[in-house]
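The values are calculated or read from the model by the stated rules, or taken from the named source; none is laboratory data. Keep in mind that this is a model prediction, so the values were computed, not measured. All accessible areas refer to the heavy atoms of the entire protein, side chains included, with ligands and DNA or RNA removed. Shrake-Rupley method; radii C 1.70, N 1.55, O 1.52, S 1.80 Å.
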Amino acid sequence: AETAALKHQSLHDELTGLPNRVLLDNELAAAISAVQAKKKGLSLLYLDLDRFQVINDTFGYRWGDFLLQQVVPRLQGALRKADTVARVNGGDEFAVILPNIGDASGAVRIARRLLHLLEPPFQIEGHRVGLSASIGIGLCPEHGTDADTLLRRAALAVHQAKRTGVGYALYSPEQEEVYNPTRLL
């Protein structure tokens with residue numbers, strides 16, 4: 001029982017109970033393998049909470065943690081049982097694996113639903129806190145056929161979503177050049 005608890009702890013985020021980056025990588029690799037076997041696509045949404053650091057800086061990390069815990073049920077409420085939502089790198093970023101949704105229109109529909117569910121203010125200690133997010137979308141197989149590439153490209157698309165203010169953006173090869181950190185060297 002102790003080893004099962006340790007295994008669970010090593011694969012899940014302590015604050016939210018969601019899969020962590022290690023489990024996300026495993027789940028994404030398995031989902032990509034299934035895509036290749038079934039010849040069906042999948043979508044990966046990379047969600048970054050906007051201005052989250054401002055909440056931490058203004059109200060403290062306890063509020064930020066409480067807010068993250070309130071975000072999770074809203075995200076899960078928009079998803080199917082087969083979908084996976086994970087917390088990425090212990091911050092305010094989440095990844096969502098959508099098996100069998102391999103087209104842009106299906107992924108955009110889910111991204112819009114997630115953004116809509118985050119619109120109502122959250123309640124923290126009697127205060128109403130507004131929150132928004134930006135979502136980057138990567139599709140398998142066209143944007144990547146391995147977990148690292150797909151995750152990186154969905155994360156690149158988040159920068160585009162933030163820049164345009166639309167809320168979500170689909171990965172495009174032009175983003176590689178625009179958001180390439182080696183250009184800054």
Please work out how much length the chain gains when fully extended from ASN56 to ARG113, using 0.36 nm per residue of separation minus the C-alpha to C-alpha distance, in nm with one decimal. 18.0 nm
Extension gain from ASP25 to GLU174, taking 0.36 nm per residue of separation minus the Cα-Cα distance: 51.1 nm
Using 0.36 nm times the number of residues separating LYS40 and ARG74, minus their current alpha carbon distance, what extension gain do you get? 9.5 nm
Accessible area of segment 53-167 belonging to carbon and sulfur atoms, whole % at 1.4 Å probe: 51 percent
How big, on average over all directions, is the shadow cast by the Cα convex hull of the chain, in nm²? 12.2 nm²
Compute for segment 92-182: radius of gyration divided by Kirkwood radius, i.e. Rg/Rh, restricted to C-alpha atoms, rounded to two decimals. 1.02
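May I ask for the percentage of alpha-carbon pairs in segment 2-49 that lie more than 17 Å from each other?
Values: 549 of 1128 pairs.
Roughly 49 percent, once rounded to a whole number.
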So which residue, out of ASN20, ASN100, ASN56, gets the largest mean-square fluctuation from a GNM of the chain using Cα contacts under 10 Å as springs? ASN56
Kindly report, to the nearest 10 Å², the accessible surface of ASP146 as traced by a 1.4 Å probe over protein heavy atoms only. 70 Å²
Checking the cross-link filter: which lysines have an alpha carbon closer than 24 Å to that of LYS39, excluding same-chain neighbours under 8 positions apart? LYS81
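Kirkwood Rh, Cα Rg: Rg to Rh for segment 1-108?
Details: Rg = 15.3 Å, Rh = 15.0 Å.
Looking at segment 1-108, the ratio lands at 1.02.
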